[in-house]
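Novice: Structure provided below as structure tokens; questions to follow.
The values are calculated or read from the model by the stated rules, or taken from the named source; none is laboratory data. Not measured: the values here are computed from a predicted model. So basically every Cβ, Gly included, is an ideal-geometry build from the backbone, and we count neighbours across all protein chains shown.
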RNA sequence: GCCGCGGUGGCGGAAUGGUUUACGCACAACACUUAAAAUGUUGCGGCCGCAAGGCCAUGUGGGUUCGAAUCCCACCCGCGGCACCA
């Protein structure tokens, strides 16, 4: 019989579905639960090869864990709210719900064609009322625990469309729809206080089994900095401007201070500036810049002096000018800085441009103070100069001493700031979960009663945002008008919807108990499964999704709703799949690989296995359909070995059987270790080496050895392994079997290839007993003819011996 | 710009302080075939050489080491993220 993947794959997918072998029971006696999770997809329309690259190797790992004896739960669902559905509605006139549902139906079928271990009975779809009911309920818990608040926050605003734009819709600072200049406008929106968890989020990272690079990125994103908040008085006024600095040691070098264009001092009616026009103009100009443009070190720094007022340096009483400049951000620190051009490059650039004094107060040399002439700021450590009584103090010590000195005078306090901003969750869009809040003029904002959840997303005809910058929900009178939950008076609903990141910040909890109608998930089920044992998804989520999910878990933990404080114990990232040309896949480039076509041609098993084989899983790379034929040949060869043996065994000598047992045991060891470490590519190559050997030599293989091979193959090519397993006469599924074990004794080598180096260059390889000692090795080598040639007339200065590996003669 | 990652044959990659190029693709020769496909066998980094063998090669330049693709420094190129794409 010929290997016909399409036939056997469909057959086994049906059998697995019917027998429900992947349905996870909450408890199986004698087995440990293992919650295995791949990041759920956004229903964009089609499953692309990138999804496969996430899900196929992940499935190999899940199946491996199952065979190792774990009770594995591997659920799947859809992250279904979001902007593209709304765009499709506007562009094609399809309701976002219809568009999303059609995509889900298609993608669900495509997912099933992969033959994965998914337990579909736990599926979650975030845009369904029975899911977002609990998203809203969780919002209310955040609100009740003081973690949700309303504030004015800048957003991309198109003055011509009178609409808030996503960053994606405002690329290059131009509105996607009408090409006008986008400005940053302050709008009242809901935020989550993630910043109050900054310290915990930072501390707990170290204990996670996550890629180090992801941990570093999260740490940098949180961006903790310790320093001092120092007050600068304003001359002749009773006002003070607090500044935050991590370099209090440079205080004597401060030659001006800078406030952000959004700083409250500029809105204070008591201030009479001498140049108000220039100031207003500058504030308006800076609204046109994105934050990234403002802080880019490549961009020329700009600013305007606030003429008519001066600040006083608390260290020496000196008057310094005050500027506004947009390289200072309002949301970081106090929105004001002390500028020390000699020791900060941004300040240095600014000072050069506006001809401000550069005063050096940290010198690398002491006690001979020969300060270098600066062509850029000196940001390193050194010793203080020109700093009164602190002269000669090391800059490190001075940071503390100056801070403490001012603290005694109540002019400074120790402070920690974070780069992490609070999470802006309001979206002025239709396709999201409505924020369950109601406004009544007398009581301000009130939460919707939990009994009334879900606040259903109404049908509207027009998905374009309103001209007042409100979400399309504002067009539905039926939706807006409601009663105040507190007094029953006429009130209005919040029309903003929630950021879809909220939906995806808790979906992994819902899988544990996806059909629960009374709670977001029962404590018992959460305890059975959470935290997720292995989480697999793209590195593009290194910061935002993963940080938000951690925040959610920590907040719910504090509220007593969950018993753990980290959602994902282990994390791995898959890389990005490129087109065959090594470029990013895109329709316009014409290099898109359609997984359905590949499956039709070669079968799901081959596609799965090729994705594993391509290269390191966390690296991604080009998908070349030509390369897949290698896997296809491998599977055919393996198939033939079972179904169409070339000939009766013609040679079953003891020695050869021993050789093959050795290789088999080595392969078990290699494949086991490689899958555990996500090195799927080298696991596959080990299987290839085994099959090459088996099909070349026509060994007479015992039943057990053949079974072992099938068991090793099962996670990679689950359909073919199942088919051959059954045709060998087994009744139970191969996926219920135990993972094979190896015998270390069989793997041990008696002989090694001893590498002989002279001055680190390989000159010979000698077969030697594996336990050879240094003395024996050097005697063997020095007596060797080839080596003698190299040693002629030279003295051996040193011998380096690496047991079991090499000997290096230094001459 | 800031944070993070990567750069090894014609190509995907293996090797993470000790044999550079495992495994696979492509290519070439041979076998089978009337022929082709499929399959199998062998070869396959560059230069010199009939060969034995030698020299050179892991983005570029420098350093550490008996020994560096691997560690350190500087640079070049590519990729991911940067808070309203998900």
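Novice: Within region A:1-41, restricting attention to residues that are buried (at least 20 other Cβ atoms within 10 Å of the Cβ) and part of a loop (DSSP other than H, G, I, E, B), which residue is modelled with the lowest pLDDT?
Specialist: It comes out as A:3.
Novice: Being part of a helix (DSSP H, G or I), away from RNA strand B (no atom under 16 Å from the Cβ) and either within 23 Å of residue A:240 (Cβ to Cβ) or touching a helix residue (DSSP H, G or I) at 6+ places or on another chain (Cβ under 8 Å) (or both) narrows it down to one of A:399, A:414, so name that one.
Specialist: Working: A:414 fails: part of a helix (DSSP H, G or I).
One residue alone meets the criteria, A:399.
Novice: Would you say residue A:115 is touching a helix residue (DSSP H, G or I) at 6+ places or on another chain (Cβ under 9 Å), modelled with pLDDT of 95 or more and either within 20 Å of residue A:435 (Cβ to Cβ) or surrounded by 14 or more Cβ atoms within 10 Å (Cβ to Cβ) (or both)?
Specialist: Numbers: touching a helix residue (DSSP H, G or I) at 6+ places or on another chain (Cβ under 9 Å): yes; modelled with pLDDT of 95 or more: yes; either within 20 Å of residue A:435 (Cβ to Cβ) or surrounded by 14 or more Cβ atoms within 10 Å (Cβ to Cβ) (or both): yes.
When the stated conditions are applied, residue A:115 passes them.
Novice: May I ask you to list the residues in region A:296-326 that are without any contact (Cβ under 8 Å) to a residue 40 or more places away in the chain and farther than 20 Å from residue A:277 by Cα?
Specialist: A:296, A:298, A:299, A:317, A:318
Novice: Now a separate question. Would you check if there is a residue in region A:562-572 being within 11 Å of RNA strand B (Cβ to nearest atom), under 20 Å from the mean Cα position of the chain (by Cα) and under 19 Å from residue A:620 (Cα atoms)?
Specialist: Residues of region A:562-572 that are within 11 Å of RNA strand B (Cβ to nearest atom), as a first pass: none.
No, region A:562-572 contains no residue that is within 11 Å of RNA strand B (Cβ to nearest atom), under 20 Å from the mean Cα position of the chain (by Cα) and under 19 Å from residue A:620 (Cα atoms).
Novice: Of the residues A:773, A:733, which is away from RNA strand B (no atom under 13 Å from the Cβ) and without any contact (Cβ under 8 Å) to a residue 60 or more places away in the chain?
Specialist: Among A:773, A:733, only A:773 is away from RNA strand B (no atom under 13 Å from the Cβ) and without any contact (Cβ under 8 Å) to a residue 60 or more places away in the chain.
Novice: Does any residue of region A:272-285 turn out to be under 32 Å from the mean Cα position of the chain (by Cα), within 30 Å of residue A:156 (Cβ to Cβ) and surrounded by 16 or more Cβ atoms within 10 Å (Cβ to Cβ)?
Specialist: Within region A:272-285, the first condition is being under 32 Å from the mean Cα position of the chain (by Cα), and the residues that meet it are none.
Scanning region A:272-285, I find no residue that is under 32 Å from the mean Cα position of the chain (by Cα), within 30 Å of residue A:156 (Cβ to Cβ) and surrounded by 16 or more Cβ atoms within 10 Å (Cβ to Cβ), so the answer is no.
Novice: Kindly indicate the residue of region A:81-133 that is in a loop (DSSP other than H, G, I, E, B), under 21 Å from residue A:460 (Cα atoms) and more than 25 Å from the chain's Cα centre (by Cα) and also farthest from RNA strand B (Cβ to nearest atom) among those meeting that condition. Explain how you work it out, then say what you get.
Specialist: Step one: of region A:81-133, the residues in a loop (DSSP other than H, G, I, E, B) are A:81-82, A:93-95, A:113-119, A:123, A:126-128.
The next check asks that each one be under 21 Å from residue A:460 (Cα atoms); those that pass are A:81-82, A:93-95, A:126-128.
Filter again for more than 25 Å from the chain's Cα centre (by Cα), leaving A:93-95, A:128.
Values: A:93: 20, A:94: 17, A:95: 17, A:128: 15 Å.
Within region A:81-133, the match that is farthest from RNA strand B (Cβ to nearest atom) is A:93.
Novice: Still on this structure, please answer the following. When you look at residue A:368, is it farther than 19 Å from residue A:246 by Cβ, without any contact (Cβ under 8 Å) to a residue 24 or more places away in the chain, in a loop (DSSP other than H, G, I, E, B) and more than 37 Å from the chain's Cα centre (by Cα), yes or no? Talk me through it step by step, then tell me what you get.
Specialist: Working: farther than 19 Å from residue A:246 by Cβ: yes; without any contact (Cβ under 8 Å) to a residue 24 or more places away in the chain: yes; in a loop (DSSP other than H, G, I, E, B): yes; more than 37 Å from the chain's Cα centre (by Cα): yes.
Yes; evaluated as a whole, the condition is true for this residue.
Novice: Same structure again: Of A:805, A:745, A:761, A:786, which residue is within 8 Å of RNA strand B (Cβ to nearest atom) and closer than 30 Å to residue A:662 by Cα? Before the answer, list the steps.
Specialist: Details: A:745 fails: within 8 Å of RNA strand B (Cβ to nearest atom); A:761 fails: closer than 30 Å to residue A:662 by Cα; A:786 fails: closer than 30 Å to residue A:662 by Cα.
Exactly one residue qualifies, and that residue is A:805.
Novice: Are there any pairs, at least 6 apart or on different chains, whose C-beta atoms fall under 9 Å, with the first in region A:150-167 and within 23 Å of residue A:444 (Cβ to Cβ) and the second in a loop (DSSP other than H, G, I, E, B) and more than 13 Å from RNA strand B (Cβ to nearest atom), and if so, which?
Specialist: What qualifies is A:154/A:262.
Novice: If the Cβ limit is 7 Å and pairs must be 6+ apart or interchain, which residue in region A:782-811 that is farther than 21 Å from residue A:749 by Cβ and touching a residue at least 12 places away in the same chain (Cβ under 8 Å) pairs with which residue that is more than 10 Å from RNA strand B (Cβ to nearest atom) and part of a strand (DSSP E or B)?
Specialist: A:784/A:766
Novice: Out of region A:693-731, which residues are within 14 Å of residue A:637 (Cα to Cα), at pLDDT below 95 and not in a helix (DSSP H, G or I)?
Specialist: Listed by number, the list holds a single entry, A:698.
Novice: Then there is this: Report the residue count in region A:58-80 for those that are in contact with a strand residue (DSSP E or B) (Cβ under 7 Å, 6 or more places away or on another chain) and either in a helix (DSSP H, G or I) or within 15 Å of RNA strand B (Cβ to nearest atom) (or both).
Specialist: 8
Novice: Kindly indicate whether residue A:708 is under 38 Å from the mean Cα position of the chain (by Cα), under 18 Å from residue A:60 (Cβ atoms), away from RNA strand B (no atom under 16 Å from the Cβ) and surrounded by fewer than 23 Cβ atoms within 10 Å (Cβ to Cβ).
Specialist: Details: under 38 Å from the mean Cα position of the chain (by Cα): yes; under 18 Å from residue A:60 (Cβ atoms): yes; away from RNA strand B (no atom under 16 Å from the Cβ): yes; surrounded by fewer than 23 Cβ atoms within 10 Å (Cβ to Cβ): yes.
So residue A:708 fits the description; yes.
Novice: Is it the case that some residue within region A:444-461 is on the phi > 0 side of the Ramachandran plot, surrounded by 17 or more Cβ atoms within 10 Å (Cβ to Cβ) and within 16 Å of RNA strand B (Cβ to nearest atom)? Let's see the steps before the verdict.
Specialist: Keep residues of region A:444-461 that are on the phi > 0 side of the Ramachandran plot, which gives A:444.
Those still in the list that are surrounded by 17 or more Cβ atoms within 10 Å (Cβ to Cβ) too: none.
Checked against the condition, which is being on the phi > 0 side of the Ramachandran plot, surrounded by 17 or more Cβ atoms within 10 Å (Cβ to Cβ) and within 16 Å of RNA strand B (Cβ to nearest atom), region A:444-461 yields no hits at all.
Novice: Output the residues belonging to region A:511-551 that are in contact with a helix residue (DSSP H, G or I) (Cβ under 6 Å, 6 or more places away or on another chain), more than 16 Å from RNA strand B (Cβ to nearest atom) and assigned to a strand (DSSP E or B).
Specialist: Residue satisfying the conditions is A:532 alone.
Novice: If residue A:781 meets every condition in (1) more than 15 Å from RNA strand B (Cβ to nearest atom); (2) in contact with a helix residue (DSSP H, G or I) (Cβ under 6 Å, 6 or more places away or on another chain) apart from one, which number is that one?
Specialist: Single failed check for residue A:781: (1).
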